[in-house]
Amino acid sequence: MQASKLLARTKSALPKIAKCNIGISAPALQKASDPIQQLFLDKIREYKQKSSGGKTLVDPTPQIQKEKEAELDRVARQYGGGSGVDMTKFPDFKFPDVKLTA
């Protein structure tokens, strides 16, 4: 009995959910009437296009790149990394057998 009530509630709420989702996505599908809104949308699209290459930084300056590399090196040294150490690899744990005396 309870499952049928839940199904009835879901069926009655579905048009409201669909209307809300269409209302949210509709402005993105049309051209903005306000020039400021249009500029904002253009910049969002430009940023999306620039960041689609999988880069972590969009339009970095050489100084920012240098700072990023220095910070990554500092963190690698702090947490046991360094040159030749793969920090993305899961660490190998070694538990030596302990000889117990009774």
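The values are calculated or read from the model by the stated rules, or taken from the named source; none is laboratory data. Since the structure is predicted, the reported quantities are computational estimates derived from the model, not experimental observations. Positions of Cβ are backbone-derived with ideal geometry, glycine not excepted, and every protein chain shown enters the neighbour counts. The area values use the complete protein model at the heavy-atom level, side chains included, leaving out ligands, DNA and RNA. Shrake-Rupley method; radii C 1.70, N 1.55, O 1.52, S 1.80 Å.
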>> Can you find a residue that is more than 30 Å from residue 31 (Cα to Cα), open to solvent by less than 100 Å² (accessible area, probe 1.4 Å) and not hydroxyl-bearing (Ser, Thr, Tyr) anywhere in segment 93-101?
In response: no
> In this structure, does residue 45 turn out to be open to solvent by 100 Å² or more (accessible area, probe 1.4 Å), modelled with pLDDT under 85 and assigned to a helix (DSSP H, G or I)?
Replying inline: no
> Could you list, in sequence order, the residues of segment 78-90 that are in a loop (DSSP other than H, G, I, E, B) and modelled with pLDDT of 80 or more?
Replying inline: 79, 89, 90
> Within segment 63-77, is there a residue that is of a type outside the set (A, V, I, L, M), outside any helix (DSSP H, G or I) and either surrounded by 10 or more Cβ atoms within 10 Å (Cβ to Cβ) or in contact with a Ser or Thr (Cβ under 8 Å, 6 or more places away or on another chain) (or both)?
Replying inline: no
